[in-house]
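Peer 1: One structure coming up, written as structure tokens, with questions to follow.
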Amino acid sequence: MLKKHTEKIEIPRTVLDKARIAIVRAQFNGQLTESLEKHCLAALLEHGVKKDQILQFQVPGSLEIPIIAQNIAKAKKANIIIALGVVIKGDTYHFEIVANECARGCMDVALKYNVPIIFEVIPVYNLAQAKKRAGNNNQNKGREAALAALKMLNVMSNFARK
């Protein structure tokens, strides 16, 4: 059973005011990834992040997410990055390659540039699983990504204090 993502995160205004969040969304499986992004944005805005603090990027597929995340991190355009995608298993090994290499690439970027990447590139075995995780409901993983990003902003702010 999937967790419902209805919690409210208490985050200090001083932390929110400094937030610069980048969302990198794969366009492949577009209807699903657009839903992830929509729910992610809604949750961020609900919690007080302003629209002008959010950068949005679309890439062709999940394998392209790490290179854009790297460019964002290297240019210091965001202090947290959210990666959104949906990878559905087909008849070949390609599913594993895309999901694993996207995850590895995002982790490499996060560690190299010390920028958290909230990873919601969802690898699923079928369309029904994808719709459950990226549907128009309160189990949407885009919302979960936003909540995790807010929590990480709060945690990371402890390291920025002198």
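The numbers here are math on the coordinates, done by the rules we state, and not lab data. Worth saying up front: this structure is predicted, and the values here are computed from it rather than measured. Here Cβ is always computed from backbone atoms with ideal geometry, including for glycine, and neighbour counts include all displayed protein chains.
Peer 1: Which loop-located trypsin sites (Lys or Arg not before Pro) does segment 1-65 contain, where loop means any DSSP state but H, G, I, E or B and the Cβ has at most 16 other Cβ atoms within 10 Å?
Peer 2: When the trypsin sites (Lys or Arg not before Pro) of segment 1-65 are filtered for loop state and at most 16 Cβ neighbours within 10 Å, Lys3, Lys4, Lys8, Lys50 remain.
Peer 1: Okay, moving on. Say the dipole of the chain comes from +1 at the beta carbon of Lys and Arg and -1 at that of Asp and Glu; which of Thr14, Ile118, Gln58 then lies farthest toward its positive end?
Peer 2: Sorting the options by dipole projection puts first Thr14.
Peer 1: Ok, one more. With Cβ to Cβ distances under 13 Å as the rule, what net charge do the other residues near Asn114 carry (K, R +1; D, E -1)?
Peer 2: Around Asn114, the charge tally is +2.
Peer 1: Based only on other Cβ atoms within 10 Å, what is the fewest-to-most ordering of Thr14, Thr33? Present the calculation step by step, with values, prior to reporting the outcome.
Peer 2: Numbers: Thr14 8, Thr33 25.
In increasing order of surrounding Cβ atoms, one gets Thr14, Thr33.
Peer 1: For the chain, what's the relative contact order in percent, using C-alpha pairs closer than 8 Å and at least 6 residues apart?
Peer 2: Answer for the chain is 32 percent.
Peer 1: Please compute the modelled spin-label separation between Arg13 and Leu45, points set 7 Å along Cα→Cβ, answer in nm with one decimal.
Peer 2: 2.1 nm
Peer 1: For segment 103-139 and segment 36-82, write down the distance between their C-alpha centroids in whole Å.
Peer 2: A separation of 12 Å, based on Cα centres.
Peer 1: Evaluate the Debye formula for segment 51-156 with equal point scatterers sitting on the alpha carbons, no solvent, and hand back log10 of I(q)/I(0) at q = 0.11 Å⁻¹, in q order, two decimals.
Peer 2: Debye intensities relative to I(0), on a log10 scale: -0.35.
Peer 1: What's the magnitude of the charge dipole for the chain around its Cα centre, counting Lys and Arg as +1 and Asp and Glu as -1 at the beta-carbon? Answer in Debye, nearest 20.
Peer 2: 560 debye
Peer 1: On to the next question. Name the long-range amide H neighbours of Val121: under 5 Å, sequence gap of 5 or more, or other chain; modelled H, no Pro or chain starts.
Peer 2: When sequence neighbours closer than 5 places are left aside, the close amide H contacts are Gly85.
Peer 1: Hey, another quick one. At most 12 other C-beta atoms within 10 Å and a DSSP loop state: those are the exposed chymotrypsin sites (Phe, Trp or Tyr not before Pro) I care about. Give me the longest piece of the chain that has none.
Peer 2: Working: sites that count: Tyr93, Tyr125.
In short, 1-92.
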